[in-house]
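Down below is the structure, laid out as structure tokens.
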Amino acid sequence: MFRYIFRRAAWSVPTLMLVTFMVYIALRIGTNPVESYKRINPRATKEKIQEYIDINGLDPNYVKGYFTWLKNFLTGNWPRSIKGSREVWPALKDAMANTLRLGTVASVVGIFFGLITGVFAALKPGGRRDIFFTTSAFVGISVPPFISAILLQLLFAVYWQRWFGSSLFPTSGVYPAGHVGFNLFLMLKFMALPTIVVAIQIVAIYSRYMRSSLIEVLNSDYMRTARSKGISERRILFNHGMRNALIPLVTIAALDFGSIVGGLIITENIFSYPGMGLYFLKSFGEGDFPLLMPWMVVIVSSVLAFNLLADIAYAWLDPRIRLE
Amino acid sequence: MPGSTQGFDLNDKIESTYSPRQMALRRFMANKAAVVSCFILGALTLFVVLAPFTARYGVNEAVQVPPNSFLTPRTQAWLGTDDIGRDLYSRLIYGVRVSLLIGLASGLISVTLGALVGAVAGFRGGKFDDIMMRVTDLFLAFPFLVSLLVVRNVLGALTWLRPITGDMSSVRFIIFLFGIFGWMGVARIVRGQVLSLKEREFVEAARAVGASRRYIIIRHLLPNSVGPIMVALTFSIVGAIIGESTLAFFGYGPQAGDGATSLGILVGTAKGAVLTGFWWLAVFPCMALTVIALSINFIGDALRDATDPRLDRGAK
């Protein structure tokens, strides 16, 4: 087991390097960092531009440039953003914290309700409740997040204000303008709408998976054995059914990480929520290479980490998995 | 119980007199949501193809002389007007037309590309297969919007592609982009199907009589994968339509030259209309997009159930 984990973890280092190299090339072709620097800073001197090229590893030779960038990145010698020459790490850190908060809350809420509705649907396949939950989940998957975001904004922020005098939920930011310090209630109020939008997707995905997984387990032989031994229905469902049905869901959880982050990016932009998504779209629009590369590293590492975690959890949960 | 035995025999007979294709069709027709979706999509397509007759105003035509902006829905403009007084109803028809075109064209591109790559990868196996699958895994693991934006910019920056793709803000570029982008999901599905097919007897028989690899793929493997390929087609169509809207929503979609429009452009303007409370500009384009996405998804889902007899849906 430990050897397996170690080997998988060791493999992720070269994978990470390869992927960041590809991202590096793609960003250099796609956003043209030097040109964007000149565009944002039209009065930059030749020395300034050369300095920018050196520290970012924007050498005409991609391989050489990549390793310069990697060296600077690893030694903590991070270049400053091209617009306003800000430090990258504080901005990235704030964005990560905000997104982590939104993502965690939305995931917890979404997975919880997704599993519950999935179980209810699976208990009586073809029943009225099943049809209701399955159809809702289907609609939830089909509707892109920006549509639910727009409609929720329209209803709870704009029209609520017209009808009842004040809007139920604010539509943008983490705190009202000018607010200083920590305030849980305000924070939750500001997070409500984005959380709902992201959670809708998660509920839909998990409900579907949980339903099909549980149906498969409930129809298996060992469930009949358990019943024939006279174990109570409740215990059968929780101890035998749910436990086995959750195993395949672990892999799905990791594989859907990308789509959840995708939903977060869209949602954050609509609600002007200062997280990773807003950070990405802003810096991508400006071609801000120094801001973009660390962001990509964070995303790529988390995608790899989640895949690794899923494999390990899967091997650990399901003893039938062969590790070799 | 003679009655039940007889009934069993009768059912057996009925089942066996239909070809697999007819059985699939019957299963598809039994899915009410999918049949309704087919009707909706068909009607919608007819409606937008006949745009010159069904639209009440031109795509870039104001409803009346100013003041004409942000009119609420009324007899003159059934779904209201936008910021420069154009009829939303007519623009919606033209927009859906462009979006359906984008979906269909890029869906066909990605299915052709994906089916070929998937079939070859699945059939040959080995290094080619490994690399293909790694690349698709990587792309599918990334957040959709991120890879889409990066690939878009890379494609746009390659000047030697310009003659094929056209300008970055053109509809042609968007079609090309989603064609390039959508094949991976298709390739994965087709590869899975081919992997299970290639061990079957008829493929072995074909190989035994000396059929070439190309012959086997074209005559045996691809025709037997029609079901999954159709399902993949629906998913790539809906993916392209939603993807175009998402891109346009963030300002990276096709540009509205000469008032040209697409669902994405319309939904994008909805973003600005929300906070000012012009609800019709937000609600109607969103509704159109939702109806289209739902219908295509229902059809795809039903197709999958219909063409995959092993899938029992657990409903019994």
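Given the structure, is B:Phe139 touching a residue at least 40 places away in the same chain (Cβ under 8 Å), closer than 27 Å to A:Gly262 by Cα, more than 9 Å from every other protein chain (Cβ to nearest Cβ) and of a type in the set (Phe, Trp, Tyr)?
Taking the combined requirement at face value, the residue satisfies it.
Being facing chain A (nearest Cβ under 10 Å) and in a loop (DSSP other than H, G, I, E, B) is the filter; apply it to region B:252-292 and report the residue that is nearest to B:Val98 (Cα to Cα).
B:Tyr252
Return only the number of the condition from (1) among the hydroxyl-bearing types (Ser, Thr, Tyr); (2) surrounded by 15 or more Cβ atoms within 10 Å (Cβ to Cβ); (3) over 30 Å from A:Leu278 (Cβ atoms) that B:Thr261 does not satisfy.
(3)
Give region A:57-79 a look and list any residue that's β-branched (Val, Ile, Thr) and assigned to a helix (DSSP H, G or I), or say none.
Within region A:57-79, A:Val63, A:Thr68 meet the criteria.
Taking the options B:Leu104, B:Leu92, B:Leu116, B:Leu108, name whichever one is crowded, with 21+ Cβ neighbours inside 10 Å, at pLDDT 85 or above and away from chain A (no Cβ under 14 Å).
Values: B:Leu104 fails: crowded, with 21+ Cβ neighbours inside 10 Å; B:Leu116 fails: crowded, with 21+ Cβ neighbours inside 10 Å; B:Leu108 fails: crowded, with 21+ Cβ neighbours inside 10 Å.
Of B:Leu104, B:Leu92, B:Leu116, B:Leu108, the one residue that is crowded, with 21+ Cβ neighbours inside 10 Å, at pLDDT 85 or above and away from chain A (no Cβ under 14 Å) is B:Leu92.
Being modelled with pLDDT under 90, closer than 30 Å to A:Met210 by Cβ and in contact with an Asp or Glu (Cβ under 8 Å, 6 or more places away or on another chain) is true for just one of A:Arg80, A:Arg8. Which residue is that? Reasoning before the result, please.
Working: A:Arg80 fails: closer than 30 Å to A:Met210 by Cβ.
Criteria check complete, one pass: A:Arg8.
Identify all residues within region A:283-324 that are closer than 30 Å to A:Val158 by Cβ and within 11 Å of another protein chain (Cβ to nearest Cβ); write none if there are none.
A:Phe284, A:Gly285
Check region A:158-179 and report whether any residue there is under 26 Å from B:Ala141 (Cβ atoms) and in a helix (DSSP H, G or I). Quick ask: steps written out before the conclusion?
Going through region A:158-179, the residues under 26 Å from B:Ala141 (Cβ atoms) turn out to be none.
No: region A:158-179 contains no residue that is under 26 Å from B:Ala141 (Cβ atoms) and in a helix (DSSP H, G or I).
Return yes when A:Thr267 is out of contact with any strand residue (DSSP E or B) (no Cβ under 7 Å at 6 or more places or on another chain), buried (at least 24 other Cβ atoms within 10 Å of the Cβ), hydroxyl-bearing (Ser, Thr, Tyr) and more than 8 Å from chain B (Cβ to nearest Cβ) and no when it is not. Talk me through it step by step, then tell me what you get.
Details: out of contact with any strand residue (DSSP E or B) (no Cβ under 7 Å at 6 or more places or on another chain): yes; buried (at least 24 other Cβ atoms within 10 Å of the Cβ): yes; hydroxyl-bearing (Ser, Thr, Tyr): yes; more than 8 Å from chain B (Cβ to nearest Cβ): yes.
Spelling it out, A:Thr267 is indeed out of contact with any strand residue (DSSP E or B) (no Cβ under 7 Å at 6 or more places or on another chain), buried (at least 24 other Cβ atoms within 10 Å of the Cβ), hydroxyl-bearing (Ser, Thr, Tyr) and more than 8 Å from chain B (Cβ to nearest Cβ).
Checking A:Pro248 against (1) over 22 Å from B:Thr136 (Cβ atoms); (2) within 23 Å of the chain's Cα centre (by Cα), only one condition comes out false. Which one?
Of everything listed in (1) over 22 Å from B:Thr136 (Cβ atoms); (2) within 23 Å of the chain's Cα centre (by Cα), A:Pro248 misses just condition (1).
Quick one: in region A:199-257, of everything that is over 30 Å from A:Val143 (Cβ atoms) and not in a helix (DSSP H, G or I), which residue is nearest to the other protein chains (Cβ to nearest Cβ)? Walk me through how you get there before you give the answer.
Kept after step one, since they are over 30 Å from A:Val143 (Cβ atoms), are these residues of region A:199-257: A:219-241, A:243-244.
Still in the list and also not in a helix (DSSP H, G or I): A:219-220, A:229-232.
On the way: A:Asn219: 7, A:Ser220: 12, A:Lys229: 24, A:Gly230: 25, A:Ile231: 22, A:Ser232: 23 Å.
Checked region A:199-257; the qualifying residue nearest to the other protein chains (Cβ to nearest Cβ) is A:Asn219.
I'd like to verify a number: residues in region A:258-290 that are under 30 Å from A:Asp54 (Cβ atoms) and part of a helix (DSSP H, G or I), how many?
Residues meeting the conditions: 12.
Okay, residues lined up against (1) basic (Lys, Arg); (2) at pLDDT 75 or above:
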position: B:Arg26; (1), (2): yes, yes
position: B:Ser37; (1), (2): no, yes
position: B:Gly42; (1), (2): no, yes
position: B:Ala55; (1), (2): no, yes
position: B:Pro67; (1), (2): no, no
position: B:Thr72; (1), (2): no, yes
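Go through region A:54-77 and count every residue that is closer than 14 Å to A:Pro294 by Cβ, aliphatic (A, V, I, L, M) and touching a residue at least 24 places away in the same chain (Cβ under 8 Å).
The total comes to 2.
For region A:97-137, enumerate the residues that are of a type in the set (D, E, K, R) and part of a helix (DSSP H, G or I).
A:Arg101, A:Arg128, A:Arg129, A:Asp130
Would you confirm whether any residue within region B:296-303 is β-branched (Val, Ile, Thr), out of contact with any helix residue (DSSP H, G or I) (no Cβ under 7 Å at 6 or more places or on another chain) and more than 17 Å from B:Asp87 (Cα to Cα)?
No, the conditions are met nowhere in region B:296-303.
The values are calculated or read from the model by the stated rules, or taken from the named source; none is laboratory data. Source: prediction; values computed, not measured. Cβ coordinates were reconstructed from backbone atoms using ideal geometry, including for glycine residues, and neighbour counts include every protein chain displayed.
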